[in-house]
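Peer 1: Sending over a structure as structure tokens; questions will come in a sec.
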Amino acid sequence: MFTVAIIGRPNVGKSTLFNRLVGKRLALVDDTPGVTRDRRSGDGKIGDIEFNIIDTAGLEVANVESLEGRMRAQTEAAIEEADICLFMIDARIGVTPPDEHFADMLRISGKPIIPVANKAEGKKGESGFYEMFSLGFGEPVPLSAEHGEGMADLYQAIRVIAEADKPEEPEFEPFPEDDDQTKGVFDDAFDPDAPAEEKPRGPLQLAVVGRPNVGKSTFVNHLLGEERLLTGPEAGITRDTISVDWVWQDNEIRLFDTAGMRRKAKVQEKLEKLSVSDSLRAIQFAQIVVVMLDATIPFEKQDLQIASLIAREGRGCVIALNKWDLIEDPDEALKELRIEAARLLPQMRGVPVVPISGLAGNGIDQLMKAVFEVYKTWNARISTAHLNRWLDGILNHHPPPAVSGRRIKLRYMTQAKTRPPTFFISCSRPDALPAAYERYLMNALRDDFGLMGIPLRLMMRKGDNPYANRAKRKH
């Protein structure tokens with residue numbers, strides 16, 4: 001599969017075209033120039049052509065060490081990675097000096113270039129379309145990424161280059177009949193008694209969340225071993241949720257780096273609201289979430305709110321204490337912070353708390369081991385027979401209280417689902433059962449079955465034992 005990168009200065013509509021080609025609203029889109037900062041990739045399709053598509057930050061002339069300069073470095077990396085570059089201008093504005101500057105840069109790269117005049121709907125875009133001929137890339141493709149106009153022309157332009165670069169397939173020469181070469185070649189191709197192949201499991205969906213400037217992107221870059229994500233001293237650099245594939249000890253993982261999440265009262269600008277919404281969506285679709293804290297100022301109110309949100313969404317959670325190399329007495333500090341985590345997050349009692357340094361790479365293996373332990377617990381399933389033996393023991397040791405002179409009966413228990421583990425108990429009077437007794441059952445479940453560090457669901461249902469009639473029929 002070949003790779004296509006969308007290149008251009010800020011606010012020409014690159015992310016809008018990216019979203020249209022992937023068929024989803026993956027990239028944030030806003031009228032504010034420079035919304036996209038990191039390069040984002042996805043599976044694109046136009047007609048019958050499938051490819052990897054990269055959305056890039058708007059090219060700007062800037063100092064190498066500035067934020068804009070670092071964004072440009074990300075775009076240059078995308079150009080290096082691409083097989084085809086879509087060079088986009090705003091047809092309503094026409095060719096500007098920055099467009100000419102970056103056209104020269106693309107020309108030097110030697111990559112196939114498809115000129116694209118976006119926002120070309122109506123008469124306002126005609127002059128910009130004709131101006132683009134002056135860049136020397138051939139006939140531009142006029143389109144409107146927002147309205148989907150001109151996609152057939154874009155398809156033809158991509159198809160011409162893709163087919164020109166496709167390697168020729170060797171002609172197939174079948175074996176002649178009754179030739180000795182064929183004997184035994186396919187005899188063992190199918191064994192009816194061989195065990196069925198295990199269905200491959202998809203990659204672990206792992207989101208990294210936290211307040212702004214706690215080091216999420218630096219941590220992900222260290223995992224990947226490259227400067228894949230934009231980092232720097234400025235708070236709130238990441239805006240889009242960026243997904244990247246990674247392998248740890250033969251385990252496939254899809255990492256989601258998210259924008260920093262501030263308190264709701266402080267989020268005023270529309271763009272930041274979009275970024276936070278993107279981060280919340282990443283939590284909803286993740287399986288395990290790493291909550292990254294600044295070890296020098298841990299367990300701020302916003303950290304606890306993020307952890308509570310993860311518990312409500314039913315996701316597995318691991319707490320990473322970043323910048324641990326700045327702590328003076330690490331052993332004592334870790335002991336205190338683990339006690340603090342147990343006190344502040346009772347809904348996820350036993351959640352792993354792992355010290356790391358995203359910059360130096362310390363603690364990465366310990367963190368990933370904790371992630372997979374939580375993932376295993378999150379998928380735990382306990383047999384109904386085992387649960388009911390456990391419930392009998394609990395009821396004998398500490399039966400539910402009598403309410404209004406009537407004792408509450410818990411008849412049987414079963415696990416309805418995993419991810420997170422969800423349990424149902426048949427109860428004679430669910431509404432009357434005290435919340436304190438439900439918490440007692442929940443804590444006993446955690447302790448006796450080792451369900452630590454994940455949210456649990458325990459639900460009471462009024463009803464008779466469904467196995468009673470089955471037992472009567474047997475007798």
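The values are calculated or read from the model by the stated rules, or taken from the named source; none is laboratory data. Values in this document were obtained by computation on a predicted structure and should not be read as measured data. In this analysis, Cβ positions are derived from the backbone assuming ideal geometry, glycine residues included, and neighbour counts consider all displayed protein chains. Just the protein is used for accessible areas: all its heavy atoms, side chains included, with ligands, DNA and RNA removed. Shrake-Rupley method; radii C 1.70, N 1.55, O 1.52, S 1.80 Å.
Peer 1: Please verify whether ARG381 is surrounded by fewer than 18 Cβ atoms within 10 Å (Cβ to Cβ), touching a residue at least 12 places away in the same chain (Cβ under 8 Å), at positive phi and not in a helix (DSSP H, G or I), treating the condition exactly as stated.
Peer 2: Numbers: surrounded by fewer than 18 Cβ atoms within 10 Å (Cβ to Cβ): yes; touching a residue at least 12 places away in the same chain (Cβ under 8 Å): yes; at positive phi: no; not in a helix (DSSP H, G or I): yes.
No: the conditions fail for ARG381.
Peer 1: Return the residues of the range 314-329 that are of a type in the set (A, V, I, L, M, F, W, C) and in contact (Cβ under 8 Å) with a residue 40 or more places away in the chain; say none if nothing qualifies.
Peer 2: We begin by selecting, within the range 314-329, every residue of a type in the set (A, V, I, L, M, F, W, C); these are 317-321, 324, 326-327.
Within the range 314-329, CYS317, VAL318, ALA320 meet the criteria.
Peer 1: Quick check, is LEU304 out of contact with any Asp or Glu (no Cβ under 9 Å at 6 or more places or on another chain), part of a helix (DSSP H, G or I), surrounded by fewer than 16 Cβ atoms within 10 Å (Cβ to Cβ) and aliphatic (A, V, I, L, M)? Can you show your working first?
Peer 2: Details: out of contact with any Asp or Glu (no Cβ under 9 Å at 6 or more places or on another chain): yes; part of a helix (DSSP H, G or I): yes; surrounded by fewer than 16 Cβ atoms within 10 Å (Cβ to Cβ): yes; aliphatic (A, V, I, L, M): yes.
Here the answer is yes, as LEU304 does meet what is asked.
Peer 1: When residues of the range 90-108 are filtered for being among the aliphatic types (A, V, I, L, M), in contact (Cβ under 8 Å) with a residue 60 or more places away in the chain and surrounded by fewer than 17 Cβ atoms within 10 Å (Cβ to Cβ), how many remain? Break it down stepwise before answering.
Peer 2: Let us first name the residues in the range 90-108 that are among the aliphatic types (A, V, I, L, M), namely 91, 93, 95, 103, 105-106, 108.
Next, from what is left, pick out any that are in contact (Cβ under 8 Å) with a residue 60 or more places away in the chain: 106.
Among the residues that remain, those that are also surrounded by fewer than 17 Cβ atoms within 10 Å (Cβ to Cβ) are: none.
Matching residues across the range 90-108 total 0.
Peer 1: Would you mind telling me which numbered condition in (1) modelled with pLDDT of 85 or more; (2) surrounded by fewer than 16 Cβ atoms within 10 Å (Cβ to Cβ) VAL61 fails?
Peer 2: (1)
Peer 1: Quick one: is LYS111 open to solvent by 70 Å² or more (accessible area, probe 1.4 Å) and not β-branched (Val, Ile, Thr)? First the steps, then the outcome.
Peer 2: Values: open to solvent by 70 Å² or more (accessible area, probe 1.4 Å): no; not β-branched (Val, Ile, Thr): yes.
It is false that LYS111 is open to solvent by 70 Å² or more (accessible area, probe 1.4 Å) and not β-branched (Val, Ile, Thr).
Peer 1: Right, another one. Please go through the range 126-152 and give me each residue that is out of contact with any helix residue (DSSP H, G or I) (no Cβ under 9 Å at 6 or more places or on another chain) and under 18 Å from ASN19 (Cα atoms), ordered by number.
Peer 2: Answer for the range 126-152, where residues must be out of contact with any helix residue (DSSP H, G or I) (no Cβ under 9 Å at 6 or more places or on another chain) and under 18 Å from ASN19 (Cα atoms): HIS147, GLU149, GLY150, ALA152.
Peer 1: Given the conditions (1) open to solvent by less than 100 Å² (accessible area, probe 1.4 Å); (2) more than 33 Å from the chain's Cα centre (by Cα); (3) modelled with pLDDT of 80 or more, report the number of the one that ILE161 does not fulfil.
Peer 2: Condition (2) is where ILE161 drops out.
Okay, residues lined up against (1) modelled with pLDDT under 90; (2) among the polar types (S, T, N, Q):
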position: VAL22; (1), (2): yes, no
position: ARG25; (1), (2): yes, no
position: THR36; (1), (2): yes, yes
position: ARG39; (1), (2): yes, no
position: ILE49; (1), (2): no, no
position: ALA57; (1), (2): yes, no
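Peer 1: Next question. Show the residue pairs meeting these rules: Cβ distance below 7 Å; 6+ apart or different chains; first residue within the range 338-357 and over 24 Å from GLY215 (Cβ atoms); second residue modelled with pLDDT of 90 or more and assigned to a loop (DSSP other than H, G, I, E, B).
Peer 2: Qualifying pairs under 7 Å: GLN347/PRO455.
Peer 1: Follow-up. Just give me the residues in the range 250-286 being over 29 Å from ALA333 (Cα atoms), at pLDDT 85 or above and open to solvent by less than 30 Å² (accessible area, probe 1.4 Å), in sequence order.
Peer 2: Passing the criteria: ILE253, ALA286.
Peer 1: Let me ask you something else. Looking at THR238, is it touching a Lys or Arg at 6+ places or on another chain (Cβ under 9 Å), modelled with pLDDT under 55, closer than 27 Å to PRO330 by Cα and open to solvent by less than 70 Å² (accessible area, probe 1.4 Å)?
Peer 2: Values: touching a Lys or Arg at 6+ places or on another chain (Cβ under 9 Å): yes; modelled with pLDDT under 55: yes; closer than 27 Å to PRO330 by Cα: no; open to solvent by less than 70 Å² (accessible area, probe 1.4 Å): yes.
Taking the combined requirement at face value, the residue does not satisfy it.
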